[in-house]
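Asks: Questions regarding the structure given below will be posed in turn.
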Amino acid sequence: MPIDEAMARIDTVKEIGGEPVIVEAAGRGRHRMIALNPKLRHTWSPWAHLDLFEPDETSDDDAGARCIAVLRFSPNPALWFAIMFSYLALATISFFAMCWGGAQLIMDNPPRALWVLPGTLTIAISIVVAARIGQRLAHEQMLMMRAALREALGIEQKDD
């Protein structure tokens, strides 16, 4: 199907099987950022990024009739920001703890500030574990969003 028709279908997809799934399909040009219905949304709910491209080479009989869809899932933008801000804060705290601990070593004092490092490492590992748990919790919703987009674009289900 041509890209313009595919974009029009994506912008109108709202439900699958009578159940409202996607309520936000915003974007510019050939990109759409797609979010779930707020009734179905949780902290760990995914957002989908869909890009449509024209194939590099098409045969004469189907020129302009096909497009390539690339679908990527990401966490909620606010959650993504919180995770990245947490890592930045942990890196900053670790850096200053190492500087302070180094200064304590230079002054022949016990480097007590270095005891902060195991704590920051533990918190960083906890964030990674929480992210993995969130990915597992969001898996069903990713499948639901993928099914709604496949239905809207008329793509047959294949074994993934």
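Asks: Based on other C-beta atoms within 10 Å, arrange 129, 116 from fewest to most.
Replies: 129, 116
Asks: Same structure again: May I ask you to sort 99, 67 by Cβ crowding, counting other Cβ atoms within 10 Å and putting the fewest first?
Replies: Starting with the residue having the fewest Cβ neighbours, the order is 99, 67.
Asks: Under the rule of at least 5 residues apart or a separate chain, name every residue whose amide H is placed under 5 Å from the amide H of residue 54.
Replies: Sorted by chain and number, the residues that satisfy this are 68.
Asks: What does the extension gain come out to for residue 121 and residue 108, with contour length at 0.36 nm per residue minus their alpha carbon separation?
Replies: The span from residue 121 to residue 108 would gain 2.1 nm if fully extended.
Asks: Another question about this same structure. What is the order of 142, 84, fewest Cβ neighbours within 10 Å to most?
Replies: Lowest to highest Cβ neighbour count: 84, 142.
Asks: At a Förster distance of 22 Å, what's the computed FRET efficiency of residue 93 paired with residue 43, Cβ-Cβ distance as r, to 0.05?
Replies: That gives a FRET efficiency of 0.35.
Quick note: the coordinates plus some simple rules give every number you see, no bench work behind them. Please read all numbers here as calculations on a predicted model, not as lab measurements. Every residue, glycine among them, receives a Cβ derived from its backbone with ideal geometry; neighbour counts consider all protein chains shown.
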